[in-house]
Amino acid sequence: MIITHDTRCALDAVVDLLNTAPEGEGPGAPDSLTDLAALEEFVQRNDVSDVGALGAGDLAAVRSVRARFARVFAADDDRTAAEQLNALVASAGTTPQLTDHDGYDWHVHYFAPGASVAHHLAADGGMALAFLVVAGERERLRHCEAPDCRHAFVDLSRNRSRRYCDSRTCGNRLHVAAYRARRREAAG
């Protein structure tokens, strides 16, 4: 599956947004998108372009988009995911346009010029997720299998075998624990 730079950036932003939610961090974790400073940090960290001054309404709207992305990740089938994505992208007033900026070659922005940060994320992130559904690759939308982590991620491995998130060393930690348990058992 070929994923363009802008689609990969949009997928990364969706995953990062999902992982700001309490359920993305595991049981009892706090929400890390609680104020404008956290939203501004998210926008900068994900290099979200064409975003003006942010306000309290933006924070609420982005948190709403986050919940809608979570429903796409949790969808039981492609039809349900497609219906949710269609509604999300339509609500963002999607207006595809070719652009080249900030040193990047030609790519497509799906948000309308002057769109809010929530509409920007809904349009570009929604379209990136839609490309996965269209390609028959929705199963690549996953959550970490570590028992104490529920981070979302998009499995872009060639054989779709990734089980753990990218933002922690969950896989390594669990492999080391299993190795130590085997060693203890062998030592008797």
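At-a-glance table
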quantity	calculated
Rounded percent of accessible protein surface that carbon and sulfur make up, segment 3-140, 1.4 Å probe	53
Mean accessible surface per residue for the chain, computed with a 1.4 Å probe while every protein chain stays in place, in Å²	55
Value at 222 nm in deg cm²/dmol, rounded to 500, when DSSP H runs of n ≥ 4 in the chain each add -39,500 (n - 2.57)	-16500 deg cm²/dmol
Mean projected area in nm² (Cα convex hull; one quarter of hull surface) for segment 15-83	5.4
Those chymotrypsin sites (Phe, Trp or Tyr not before Pro) in segment 86-142 that DSSP places in a loop and that have at most 11 other beta carbons within 10 Å	106
For segment 112-188, the fraction of alpha-carbon pairs in successive 5 Å shells from zero, as %	3, 14, 15, 15, 14, 13, 9, 6, 4, 3, 2, 1, 1, 0
Principal axes of segment 3-140: Cα extent on each, largest first, Å	42, 37, 24
Cysteines having no other Cys beta carbon under 4.7 Å from their own, within the chain	9, 170
Most positive-pole-ward Cα, 32, 48, 171, against dipole of the chain from beta carbon charges	171
Computed over the chain: relative contact order in percent, which uses C-alpha pairs under 8 Å that are six or more apart	22
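The values are calculated or read from the model by the stated rules, or taken from the named source; none is laboratory data. Note that this is a predicted model, so its numbers are computed, not measured. With ideal geometry, Cβ positions are generated from the backbone for all residues, glycine too; neighbour counts draw on all protein chains shown. We work out accessible area using only protein heavy atoms, side chains counted, and drop any ligands, DNA or RNA first. Shrake-Rupley method; radii C 1.70, N 1.55, O 1.52, S 1.80 Å.
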